[in-house]
Amino acid sequence: MDAAISVSGVSKKYSRNANAHLGYSIGDLMRELSGRRRTAELRPDEFWAVKDVSFDLYPGDSMALVGRNGAGKSTLLKMMNGLTKPSAGRITLRGRIQALINLGTGFNPNLSGMDNIFNAGALMGMKAREIKGRIEEIVEFAELGEFIDSPTGTYSTGMKARLGFAVAVNLSPDILLIDEVLAVGDFAFQNKCFTHMEQLKKQGVTIVFVSHSHNRVIKLCERAIWLHGGVVKAAGTSLETVQAYLAFLDANEEARVRNAAAKRSAKEWSAAAKAMPSDLQPDDVLDTDEAWIKKSVARSEGGLYGPVVDSTKDVDDIKCDLVVDGQPADTVPVHSAVEIHFSFRLKRRVEGLCSTLVFFRKDGLRVAAIATLRDGRLKHIHEGRVRCVYRIPDFDLVPGEYVIMMPIAEGQGYLWRDVVKEFYVSGGGDVYVGIKDIRHEYEIRVD
Amino acid sequence: MTGEIEKSGRPVAVYSADSQVLRLGEVFAHMLRGVRRSNYLAYRLVRRDIKGEYSRAAFGMLWDWLDPLIFAGIFYALMHLRVINPGEMGMPYVTFVTFGVLLYATFVDSVLMPLRIFARSKALLQHVNVAPEAHLLAVYYRILFNSGFRVVVMLLVAAAFGAISPLGFIAFVLVYPVYILAAMSIGVLLAPFNAVYADLSRLAEILLRPLRYLCPVMWVLPFTPEQGILYTLNPPAVFIDNLRALATLGTVSSPVALAAWTAGALATFVLGWFVFHLSVPVLSERA
């Protein structure tokens, strides 16, 4: 059986600054027109967006392209769709191709959804008769109801995607190329689309899927290719490939957090030392965490993690450390035992002291909080250094970047409130969903 | 690049780095297939653009007519005030200048619209794989649409001032689409180069303004034998003069020059179409 998609040694180069190298475009055009091959070497300022990629897909196969932004996924998909010419190699596609690369393309915002169905259908190669024959199916699938006669300019991004997808998937393609177009729809519609794609797969449609949703990738595709810098880093089953990719991301992120912490320490210690008055002893210098905390004030001013109160009138010298296996750490493996050590100096006696550790995902989502308010142990405390250790036997936040925001309050009023720690939870390449990974066991019985 | 062939009923598309230029037969077959398959798409694209353009304008197309008609009105007034002497033209000046202005407006459209085709179709070129011919056809249909109204105005003016040859006007209407194709040739040929260096369309825009005065738009040409040579070497002048004479007098004034320029322009059009077809996959990423 012939492969539905055959990609053989395909490469694509781009210029980093195409506007500065207009001559390259003319050169490529003249080569095309004169029958000469395009140069296989990189010219100054060029880079390989895709380099030497090969694979075959047969009818009914589904494959995902995963990788970071700029890895070459979309470029490869565009070459497969004939939108751009490979710089080297050959792509052969057998069957009717349908590409979902930008679902709103061809829509005129001043025209109704109905008008745009005809436009989108025509762009996808349908004739008027074909579109009319499927119009009911399309309208029903898009779930736009009475809005189908409203101008698409009044639609949300999700509604436009629904309309575009509804037209595209009702075309009975043999090959479906999808580039992260369903990220904008609501969950119910996404689910409907993926169910529809499963049906298409069963009918023998070959699917190439570009997505950053690893769960979707694993569920929809049997195979995956991980592209990095245009080169195939791993290829295999979608689960194996996604795991390899996630392990890489983990290692990268750990290194980044480690480097950032190291840089911070070195830089801020030196800045603090420079600023130290000559009559102070080294021990009096603000320690690195506090210097970093001050820096974090600026970061938090945007309010991503709530209000910042950075007055040191009542509280200062705040320190916070994550300790894993007895060592301070910036990276915490998921499900490890973690201790959180924090301390601060109270400058006066406080009635009803309460300190809380609020865990935020880096993007601002509040995921958990631990407060001392519950048992009242911190109440009625006189001035001096307050030290506290939290022990978490199973740290179950899913891999990602997090921050700890620490409010210190007297009753309902904040004495101090700011970010005290930034850390990364690593997952060792496993796939996680949601914000917490619930430890569990399961058994299956079939009667 | 789009080596699409039918094999056991299933379409096969082959995309490679190799140039297609030496496979002339295959490329021309794709070009013709592109025209056949793109008809409905081109119609939808034009309909979309027109509906979108005029959906918020109370007077729609009237604005497009107003510009050349005001221009014609000004020259008519200048002639009446004897500020200009347009020469002996063999027909009422109103008819002469209306035909001249509207035919020149069509010429300008036909040069500039295909020249800017990559910029105009940027979103489609980057996201949807359609035959390059769909873009060309859409431009052609749009110019035809604009011209339809111009032809009606010319018919009304010619009839109102008694300067019309019924048979000649029918021939004029039949030849009009060929005139558009001929005028499009230079724009189509240069479009890929304009996609890289947008200076070309700016230059064309600047050159087309004074060229109007070197054409028999507001006055009769030629005045002297030297200018007569310039006239023969000026294709829009030859087209405008002959088409106007055909519609109003039922005859063409310089058939040899007209035939030569038509043949030359159509040959240029085919060459331009061929270049455009091969250029789209190379340049779409830079549109």
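We did not get these values from a lab; they are worked out from the coordinates using the rules stated. On a predicted model such as this, the values are computed, not experimentally measured, just so you know. Cβ placement follows ideal geometry from the backbone for every residue including glycine, while neighbour counts extend to all protein chains displayed.
Annotations
- Contact order relative to length of chain A, as percent, for alpha carbon pairs under 8 angstrom and 6 or more apart: 14
- The H on the amide N of A:V420, modeled in the peptide plane, is under 5 Å from the matching H of A:I404, A:M405, A:M406, each at least 5 residues off or on a different chain.
- Note on B:L144 and A:D2: with the Förster distance fixed at 56 Å, the Cβ-Cβ geometry gives a FRET efficiency of about 0.85.
- Ranking of A:K313, A:K436, A:K319, A:K85 by count of other Cβ atoms within 10 Å, fewest first: A:K313, A:K436, A:K319, A:K85
- Rough spin-label spacing in nm, given labels placed 7 Å along Cα→Cβ, for B:E53 and B:N85: 4.1
- Only one residue of A:N215, B:V270, A:V446 has its Cα farthest out toward the positive end of the dipole of the protein assembly as shown, where Lys and Arg carry +1 and Asp and Glu -1 on Cβ, and that residue is B:V270.
- Farthest positive-ward along the protein assembly as shown dipole, Cα basis, beta-carbon charges - from A:T39, A:V431, A:V350: A:T39
- Proportion of all alpha-carbon pairs of chain A beyond 37 Å (%): 46
- In order along segment A:205-217, the Karplus-derived 3J(HN,Hα) couplings, from 6.51 cos²θ - 1.76 cosθ + 1.60 at θ = phi - 60°, round to 6, 8, 10, 10, 10, 9, 7, 9, 8, 5, 5, 4, 4 Hz, and Gly and Pro are given as x.
- The mean number of Cβ atoms from other chains found within 10 Å of a Cβ in peptide B:49-59 is 2, as a whole number.
- Förster radius 30 Å - calculated FRET efficiency between A:R387 and A:I438, Cβ distance, rounded to 0.05: 0.40
- Amide N proximity, segment B:117-161 versus B:V35 label position 7 Å along Cα-to-Cβ, cut-off under 14 Å: B:132-138, B:140-141
- Average projection area in nm² (convex hull over Cα atoms of segment B:5-286, one quarter of hull surface): 17.6
- Backbone N atoms of segment A:36-67 closer than 12 Å to the 7 Å Cα→Cβ label point of A:L249 belong to residues A:66-67.
- For segment A:233-244, 3J(HN,Hα) computed residue by residue from phi via the Karplus equation (6.51, -1.76, 1.60; θ = phi - 60°) reads 8, 7, 8, x, 5, 4, 5, 4, 5, 5, 4, 4 Hz, glycine and proline entered as x.
- Reachable aspartates and glutamates from A:K13, criterion Cα separation under 12 angstrom, eight or more residues apart if same chain: A:D28, A:E41, A:D45, A:E46, A:D52, B:E285
- Ranking of A:T372, A:T195, B:T268, A:T157 by count of other Cβ atoms within 10 Å, fewest first: A:T195, A:T157, B:T268, A:T372
- Using a simple spin-label model with pseudo-atoms 7 Å out from Cα toward Cβ, B:A263 and A:K347 lie 9.8 nm apart.
- Share antiparallel - DSSP beta bridges, segment A:5-246, percent rounded to 5: 55
- Of A:K51/A:K436; A:K78/A:K421; A:K219/A:K362, pairs whose Cα-Cα distance is over 31 Å: A:K51/A:K436; A:K78/A:K421
- Estimated 222 nm signal from helices in chain B, with DSSP H stretches of n ≥ 4 weighted -39500 (n - 2.57), rounded to 500: -24500 deg cm²/dmol
- Here the Karplus relation 6.51 cos²θ - 1.76 cosθ + 1.60, evaluated at θ = phi - 60°, turns the backbone of segment B:202-209 into coupling constants of 5, 4, 4, 4, 5, 5, 5, 5 Hz, with x for every Gly and Pro.
- Percent antiparallel among DSSP beta bridges (both partners in chain A, rounded to 5): 75
- The gain in end-to-end length when the A:D149 to A:A337 segment is fully stretched comes to 61.9 nm, 0.36 nm per residue minus the alpha carbon separation.
- Amide H partners (placed H, <5 Å) of A:L65, local residues excluded: A:F209, A:V210, A:S211, A:I225
- Taken along the Cα-to-beta-carbon direction at a fixed 7 Å, the label points for A:L22 and B:V178 span 3.7 nm.
- Measuring nothing but how far apart in sequence close Cα pairs (under 8 Å, 6+ apart) lie, relative to its length, chain B scores a relative contact order of 25 percent.
- Calculated FRET efficiency for the pair A:R43/A:A371, C-beta based, R₀ 60 Å, to 0.05: 0.50
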